[in-house]
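Asks: Would you mind keeping the following structure in view while I ask a few things?
The values are calculated or read from the model by the stated rules, or taken from the named source; none is laboratory data. Model, not experiment: these values are computed from the prediction. Every residue, glycine as well, gets a Cβ built from its backbone with ideal geometry; the counts of neighbours run over all protein chains shown. Ligands, DNA and RNA are stripped out before the accessible areas are found, and what is left, the full protein with its side chains, is counted by its heavy atoms. Shrake-Rupley method; radii C 1.70, N 1.55, O 1.52, S 1.80 Å.
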Amino acid sequence: MKNYSKLTSIFRGAVLASLCFFIGIAGAQQKFVRAQATEAKREDALAKAKVTAWKNYLGTLQGAKLDNIMSNEKAFLADIDSFVVDINVIDEKCTAQPPSCTVTIKASINESIVESRLRQGAKTASAAKGSKQDEAAAFLVMARVADARTVFDAKVTKRAESTVSTSGSAASADAAASNKAGDASVSADSASVTQSSKTVTGGSQELKRDKVVYAPWGQVADLQNSIGENLQNNQISFLPWDALVEECSVSDSANFSKDFAASEDGQLPAKSRLDLFKKFRECPTGAVQKAILASIEIDGYRKDPNTGLWLASGNVNITVYELKGTRYASVGSANRNFSGRAEVQTDAARDALKIASKVASDVIVNQINSLK
């Protein structure tokens, strides 16, 4: 009986250890890549193939993550065995004369380790630069979607000109008009006068640009939180908008989307922007050093001919402002196009805005890092 209990304990321990190992593997984010390289020696070809696999992985990335890795490329390559793992040689062709070996591998990229190394690098860079992250930024997201479109017909203006000509004896006609004596010969001559007319037509056409009416996006707080999450993941400090409303007396973020939706030029009105910056500078708990404005708009919908899904398209504008004293200056800006697809228009808009928030946050990360 004791032996049975002991075996049961050992079995449970083995199961628990296996379960923990499985959870550890499942929690790791991995991406599979293939690569090939040729060198004179097999070991050199294998080492080169690992580097090629890493570069193939980089080809799948974009935005802030790619920029951060490329800025520290030497450090990543120096520790490549930590990132390129589970290497399997799936093909190998070697010749003695001339000495040559071509190796094809399949490997995994441990993205969890990559993300961890990026976070460590961000912390180190911040400490080395005197922790400029303490200068927290305030970021505002505004979003609007096309609600209605007014299409104007072409305005056509027509013009006609007439020319009248007279044939016969003009002198006789004048005399007939003034013939008080009733001279028969003059009157007869005036009767032979004829007239002809010529009409020339022309015109112009004026076509007014379609007018789009926008409505503010109701779930702007979701976009604000989505961008805030990406900033946190990249070790960039920011001030939550709720805190700014309470401490700096700024308006709720939804109000700015209303102003943005009513804007004719697709920008937050200058008065609203200047009032906001003034409150940032006068904030009782400390002046805000940077302000980031991200305006996102969906300007149209159409059916994708290939999938039959609704396609919502638009653009996102991001501007980073440095606030100093009573002045402010734009220190970075970018514009990106995006689109989203779904079976329903509103879902397509939601998908497009989700993509736009990712695009916006990547641009913000790059621009904030460039100012450090």
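Asks: Between their Cα atoms, which of LYS211/LYS290; LYS211/LYS258; LYS74/LYS354; LYS258/LYS358; LYS48/LYS93 are more than 24 Å away from each other?
Replies: As for pairs spanning more than 24 Å Cα to Cα, those are LYS211/LYS290; LYS74/LYS354.
Asks: Protein chains only, probe 1.4 Å: how do ARG350, ARG117, ARG159 rank by accessible area, largest first?
Replies: Ranked from most to least accessible, the order is ARG159, ARG350, ARG117.
Asks: Considering only DSSP states other than H, G, I, E and B, which GluC sites (Glu not before Pro) in the stretch 253-346 qualify as loop sites with at most 14 other Cβ atoms within 10 Å? Mind dumping the intermediate values first?
Replies: On the way: sites: GLU264, GLU282, GLU297, GLU322, GLU343; in loops: GLU264, GLU282, GLU343.
Here the sparse-neighbourhood loop sites are GLU264, GLU282, GLU343.
Asks: Oh, and also: At 1.4 Å probe size, what's the solvent-accessible area of SER253? Round to the nearest 10 Å².
Replies: Approximately 10 Å² for this residue.
Asks: Counting only the heavy atoms of the protein chains, how much of TRP310 is accessible to a 1.4 Å probe, in Å² to the nearest 10?
Replies: 70 Å²
Asks: Using modelled backbone amide H atoms (1.01 Å from N, in-plane), which distant-in-sequence or interchain residues come within less than 5 Å of VAL331's amide H?
Replies: Amide H neighbours of VAL331: VAL320, TYR321, GLU322.
Asks: Okay, moving on. Just reorder VAL320, VAL212 by solvent-accessible area, largest first, 1.4 Å probe, all chains present.
Replies: These residues rank, largest area first, as VAL212, VAL320.
Asks: Between GLU92 and LYS106, what is the label-to-label distance in nm when each label sits 7 Å out along the Cα-to-Cβ direction?
Replies: Going from the GLU92 label point to the LYS106 one covers 1.7 nm.
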